[in-house]
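Peer 1: Structure incoming, see below.
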Amino acid sequence: MGLPRSNHGEDYKRGGIPVSSSLFRTKSVEQSIRDTEEPEHALKKSLSSLDLTVFGIGVVIGTGIFVLTGLIAKQTAGPSVALAFVVAGVVCALAALCYAEFASTVPVAGSAYTFSYASLGELPAWIIGWDLILELALGCAVVAVGWSGYVRSLMDTAGIGMPQALSGTQNGKFGFDLLAAVLVLVLTGILVLGMKLSSRVTTVIVAVKVTVVLLVIIVGAFYITGSNYHPFIPHKVQGSGSSSLSAPLVQLFGFTPGSFGVMGIFTAAAVVFFAFIGFDIVATAAEETRNPQRDVPRGILGSLAICTVLYVAVSIVVTGMQKYTQLSTDAPLADAFKSVGHPFWAGVISFGAAVGLTSVCMILLLGQSRVFFAMSRDGLLPKVFSRVHPKFGTPYRSTILLGLIVALVAGFTSISELAELVNIGTLFAFILVAVGVIILRRKRPDLPRAFRTPLVPLVPVVSALASFWLMLNLPAETWIRFGIWMVIGGVVYVWYGRKHSRMAERAEQ
C-alpha cells in the first residue's frame with residue numbers, strides 16, 4: 001500500500017516487556033493493512049466517493065428530519081432549533097475531521113474499533129468495538145420498528161390492516177412485528193450479495209428521500225409567516241431539577257435543565273445531535289473503497305455538510321409555517337402542511353419517511369457487520385465470522401448472524417426507550433477517535449496522511465470535550481445501561497478475546 005515500514009511496527013515489546021501481557025498492545029497500521037490482503041479475509045473494493053457520500057446521507061437522514069425538527073422546536077428551542085442544528089453540526093464536524101484523518105491513514109474495516117487498536121491499544125479497541133456492535137444493532141432494530149409503524153399507517157390509509165399479533169408489542173399487548181423482521185432479513189440478503197448492489201439500492205432510496213425533503217423545503221417556503229419566528233429565541237423556562245434517573249447526568253454538576261433561552265439552544269443541540277448519528281459509518285466501508293485515502297474523507301465530510309444544510313432548511317420552514325407552540329409532537333412536519341390546508345403533502349412526507357428509514361436500517365446493518373468482521377479477523381471474536389464469500393466478497397457469515405439477531409429483536413421487542421443507548425455509544429466513539437488522532441500523530445509521525453486534521457491537538461481536544469458534554473446531557477439511566485453492557489463486554493474479552501487475539505499469537509511466536 002506504499003506505507004513505510006515502521007522500525008517498531010513489528011516489535012512486540014515495549015521497554016523489554018512482552019506486550020502479550022499488556023491490555024494496551026497496539027496493532028501497527030502496516031499489520032492492519034497486511035491483514036486485509038489475505039485472500040480469505042479480503043473484502044471486495046468497489047466503492048467511490050459518491051457511493052460513500054450517498055451512504056452517509058442515507059443513514060443520517062431518517063426520522064430526525066421528519067419528526068425531531070418540530071418536536072424540539074416545540075419543547076426546547078422554538079424557532080432557534082435551526083441554531084441547535086448548527087451547533088450539533090459543528091460538534092459532528094469536529095469529530096468528522098478526526099475520522100477523516102484516521103480513515104485515510106488506516107483504510108481498514110471497523111471504523112473507531114480499528115482506529116483505537118492502532119493508537120490506544122487492544123482493550124480500548126475491544127471496548128469500542130463491543131460498544132458499536134450493540135449500538136448499531138439496537139439502532140437498526142429501533143429504526144426497523146419505526147419503519148414498520150409508518151408502513152402500517154400507510155396500509156391503514158389504504159384500508160389494509162395488520163392483525164395485532166403481527167404488529168409488534170403495543171400498548172401492553174404482546175405481538176411479533178412481522179414487517180420490521182422482514183425488512184431486516186431482506187436488507188441482510190442485499191448486503192450479502194455485494195456492496196455495489198447495496199450501494200445501488202441505497203442510491204435509489206436516497207434519491208427519493210432527498211427529493212421529498214427538497215419538495216418540503218420548496219413548497220413549505222411559500223407558506224411561511226414571518227410572525228411565527230417571533231420570538232426567535234423564546235424566553236427561558238426553568239426546569240425542575242428532578243433527581244430521577246431519567247434526568248440528564250449534567251444535573252450532578254449543578255446545571256438545572258431548562259427549555260428555551262440561549263441555553264435552550266445547547267440543550268436542544270444535545271438532542272438533535274441524535275439526528276446526525278451515522279455519518280461515521282462511512283468509515284466502516286474504507287476497506288471496500290477503491291481509493292480510500294481520497295474518497296473516505298470526501299464521503300464523510302460531504303455527507304455531513306449536505307445533511308446539516310437540509311436539517312437547518314427544514315427547521316426554518318417548519319417553524320415558519322406553524323407557530324412552534326402549535327406544532328404536533330408525533331408528525332410535526334406532516335401536520336404543519338395539514339395546518340395550511342395541504343394534506344397531500346403530509347402524505348408525501350409520510351411516504352418519504354418510510355422510504356428513508358429503509359436506507360438507515362440497511363447502513364446500520366452494514367456498519368455493525370463490518371465492525372464484527374474486523375474484530376473476528378483480529379481473533380477477538382470467533383474467526384469463523386471473518387470469512388468472506390468467495391463470489392460476492394462480503395463478510396456473509398457475520399452479516400447473516402447479526403441480521404437474524406436484529407430481526408428477532410425488532411420483531412419481539414418494543415425498545416424505543418433504549419434508543420438513547422445508540423447516542424451514548426456514538427459519542428463515546430467520537431471521544432476515542434479524537435484522542436487516538438493525537439496519540440498516533442506522536443507515535444507515528446512518519447505515516448503518510450492523505451487527509452490531516454487541522455490544528456492538532458486543539459481540534460481533537462475540543463471534539464472530545466464537546467462530545468463528552470453532550471454525553472452528560474443524556475439521562476442517568478442511559479449511563480447505567482451503557483455501563484452494564486461494558487461490564488459484560490469486559491467478561492467476554494477476558495474469557496475469550498484476550499486469549500485468542502492474533503496479536504497475542506504473534507507475540508508468542
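The values are calculated or read from the model by the stated rules, or taken from the named source; none is laboratory data. Everything numeric in this text was worked out from a predicted model, so none of it was measured. Positions of Cβ are backbone-derived with ideal geometry, glycine not excepted, and every protein chain shown enters the neighbour counts.
Peer 1: Are there any pairs with C-beta distances below 9 angstrom linking a residue in region 387-416 that is at positive phi and touching a residue at least 60 places away in the same chain (Cβ under 8 Å) to a residue that is surrounded by 21 or more Cβ atoms within 10 Å (Cβ to Cβ) and not in a loop (DSSP other than H, G, I, E, B), with the two at least 6 apart or on different chains, and if so which?
Peer 2: 393/195; 393/288
Peer 1: So how many residues does region 389-413 have that are of a type in the set (Val, Ile, Thr), buried (at least 23 other Cβ atoms within 10 Å of the Cβ) and assigned to a helix (DSSP H, G or I)?
Peer 2: 2
Peer 1: Go through region 304-355 and give me each residue that's surrounded by fewer than 24 Cβ atoms within 10 Å (Cβ to Cβ), closer than 20 Å to residue 273 by Cβ and not hydrophobic (A, V, I, L, M, F, W, C).
Peer 2: Within region 304-355, 308, 329 meet the criteria.
Peer 1: Looking only at region 466-475, decide whether some residue is surrounded by fewer than 16 Cβ atoms within 10 Å (Cβ to Cβ) and under 24 Å from the mean Cα position of the chain (by Cα).
Peer 2: So far as region 466-475 goes, yes, one or more of its residues are surrounded by fewer than 16 Cβ atoms within 10 Å (Cβ to Cβ) and under 24 Å from the mean Cα position of the chain (by Cα).
Peer 1: Checking the condition in contact (Cβ under 8 Å) with a residue 24 or more places away in the chain and over 26 Å from residue 151 (Cα atoms), which residue from 365, 357, 380, 327 passes?
Peer 2: 380
Peer 1: Right, next: Here's a check for you: in region 111-152, which residue that is surrounded by fewer than 24 Cβ atoms within 10 Å (Cβ to Cβ) and not hydrophobic (A, V, I, L, M, F, W, C) is nearest to residue 501 (Cα to Cα)?
Peer 2: The qualifying residue nearest to residue 501 (Cα to Cα) is 121.
Peer 1: Go through region 429-448 and give me each residue that's modelled with pLDDT of 85 or more, part of a loop (DSSP other than H, G, I, E, B) and surrounded by fewer than 19 Cβ atoms within 10 Å (Cβ to Cβ).
Peer 2: 445, 446
Peer 1: On to the next question. Filter region 325-381 down to the residues that are of a type in the set (D, E, K, R) and either under 22 Å from residue 213 (Cα atoms) or not in a helix (DSSP H, G or I) (or both) and list them by number.
Peer 2: Hits for region 325-381 are 330, 335, 338, 378.
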